[in-house]
Amino acid sequence: MQDYIAISTLNDFIFCPYSIYLHNVYMGGDEDLVHATPQTQGKAAHEAIDEKKYSTRKDEITALSVYSNELGIIGKIDLYKGNEKALIERKYLLHTIYQGQIYQLWAQYYCMTEMGYEVKHLSFYSISTNTKYPIDVPDENGKQELVDFITRFKQFDPTKPIHTNINKCAHCIYCNLCDKTETENVYS
Ligand code: SF4
């Protein structure tokens with residue numbers, strides 16, 4: 001049976017592969033103990049979508065579970081606007097769009113298309129600033145880049161030493177739980 005990777009972990013993997021291990025260890029516990037302030041705000045922003053409060057319009061789909069057998073990934077989209085054929089990922093606040101976030105949106109795109117939805121436009125939306133950030137639909141090179149990245153994810157060996165970055169660790173939500181660093185979490 002094929003193992004599916006959660007799309008939500010792709011950005012974490014780029015940030016630090018070891019955070020995936022910590023996420024899996026603590027995911028079943030009390031999330032309030034793990035989530036630091038920025039993540040809590042982002043989580044609250046997503047709750048409106050997860051509870052389907054965002055829209056009752058028939059041409060909009062929210063919180064749809066998606067998967068791709070071809071890529072071996074599974075996840076959930078935020079918002080699909082059928083009349084615009086637009087897939088949108090909402091964030092509470094966006095200062096910078098990281099490559100891992102783009103991979104997440106690309107992954108959702110491939111899931112949606114494999115499931116039969118037509119998607120012509122991708123974008124991020126910053127809730128706090130009411131700003132939309134269009135993202136190019138991936139071409140064949142982009143798809144290969146995503147496939148290679150997912151392969152690296154699957155082949156990652158957590159028993160091997162990892163390179164830690166103090167700046168990253170200080171802003172990592174798992175910092176206080178991590179045995180790889182003595183750095184204090186800035187959110188404490
Ligand atoms: S605290 Fe540092 S080493 Fe530990 S998971 Fe976070 S980024 Fe990785």
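The values are calculated or read from the model by the stated rules, or taken from the named source; none is laboratory data. Values in this document were obtained by computation on a predicted structure and should not be read as measured data. Don't worry about glycine lacking a Cβ; one is built from the backbone with ideal geometry, like all the others, and counts go over all protein chains shown.
Residues are listed down the side, and each one gets a yes or a no for (1) buried (at least 16 other Cβ atoms within 10 Å of the Cβ); (2) in contact with a Cys (Cβ under 6 Å, 6 or more places away or on another chain):
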position: 105; (1), (2): yes, no
position: 122; (1), (2): yes, no
position: 144; (1), (2): no, no
position: 174; (1), (2): yes, no
position: 181; (1), (2): yes, yes
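Residue pairs whose Cβ atoms lie under 7 Å apart, sitting 6 or more positions apart in sequence or on different chains, and linking a residue in segment 143-170 that is farther than 16 Å from residue 99 by Cβ to a partner that is of a type in the set (A, V, I, L, M) and assigned to a loop (DSSP other than H, G, I, E, B), are 170/186. Within the option set 31, 89, being at pLDDT 95 or above and either in contact with a helix residue (DSSP H, G or I) (Cβ under 6 Å, 6 or more places away or on another chain) or closer than 20 Å to residue 171 by Cα (or both) holds for one residue only, 89.
Residue count for segment 61-75 satisfying the condition of being assigned to a strand (DSSP E or B) and without any contact (Cβ under 8 Å) to a residue 24 or more places away in the chain: 3. Taking the listed residues 150, 166, the one that is within 16 Å of the ligand (Cβ to nearest atom), β-branched (Val, Ile, Thr) and closer than 18 Å to residue 15 by Cα is 166, with no other qualifying.
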